[in-house]
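Data block below; observations after.
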């Protein structure tokens, strides 16, 4: 990783400061491990996934650490993306705008694959990927803002609006502060069906300040 860091701090896995991935996120990694195919029947059943004990650790950086710089999407309106160690495919969360440049009032966020493991082309999520792993909901709350919920990270309710720079901005609580997520990286080992997760990193920009925060969730 690139960048300087400060002394990390740790916290217990309970409370709103801990980034707790849902079992649907684990299922999503299983979908990614097989390229998003062949799991229709299993996904419908949504097997009971038991996550091991977790602990969360925080570390700040002056510069953004980039785990896989060759697989960073460049899509317009990108809010954040999800990488993992199983393969090169990336999930992109991007803002959708209307012809007037404003956020689409009916569907302000779109989610799709960047298939870097093959051609790098965009592929839309399947029904089961939306429902069981990577889907998003956005409800208008007034004043040009939306309340955002992610299927994979149900404990983190976000807020979407147009930032002071005129660009779409997604804020989520990280370490009890509103931050702009940049990307999520999951260190995992592909298994027969459910991967083994070593840790998950959430990299976020500290809104209104310089620097970045990494929240790492250790498993086991």
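The values are calculated or read from the model by the stated rules, or taken from the named source; none is laboratory data. Being a predicted model, the structure only gives us computed values, none of them experimental. For neighbour counting, all protein chains shown are included, and Cβ atoms are generated from backbone atoms with ideal geometry for every residue, glycine included.
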For segment 49-107, name all the residues that are over 26 Å from residue 149 (Cβ atoms) and touching a helix residue (DSSP H, G or I) at 6+ places or on another chain (Cβ under 9 Å).
87, 88
Positions within segment 68-85 being crowded, with 16+ Cβ neighbours inside 10 Å and farther than 26 Å from residue 159 by Cα, in sequence order
71, 85
Pairs only if they're at least six apart or on different chains, beta carbon under 7 angstrom, first in segment 180-191 and on the phi < 0 side of the Ramachandran plot, second surrounded by fewer than 17 Cβ atoms within 10 Å (Cβ to Cβ) and at pLDDT below 80; list them, first residue then second.
180/207; 188/196; 189/196
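Which count do you get for residues in segment 168-212 that are assigned to a loop (DSSP other than H, G, I, E, B) and farther than 24 Å from residue 75 by Cβ? Steps first, please.
Of all residues in segment 168-212, those assigned to a loop (DSSP other than H, G, I, E, B) come to 175-176, 190-195, 207-211.
Then keep just the ones that are farther than 24 Å from residue 75 by Cβ; that gives 175-176, 190-195, 208-211.
Residues in segment 168-212 being assigned to a loop (DSSP other than H, G, I, E, B) and farther than 24 Å from residue 75 by Cβ: 12 in total.
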Selection from segment 67-101 of residues that are within 21 Å of residue 166 (Cβ to Cβ) and free of Cβ contacts under 8 Å to residues at least 12 places away in the same chain:
74, 98, 99, 100, 101
Out of 207, 201, 175, which single residue is under 18 Å from residue 82 (Cβ atoms) and in contact with a strand residue (DSSP E or B) (Cβ under 8 Å, 6 or more places away or on another chain)?
201
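Residues that are in contact with a strand residue (DSSP E or B) (Cβ under 8 Å, 6 or more places away or on another chain) and exposed (fewer than 15 other Cβ atoms within 10 Å of the Cβ): list the strands (runs of 3 or more DSSP E) wholly contained in segment 86-167 that include at least 1 such residues. Full working, then the answer.
Values: elements: 90-95, 109-114, 122-124, 136-142, 145-150, 158-162.
Ranges flagged: 122-124, 136-142, 145-150.
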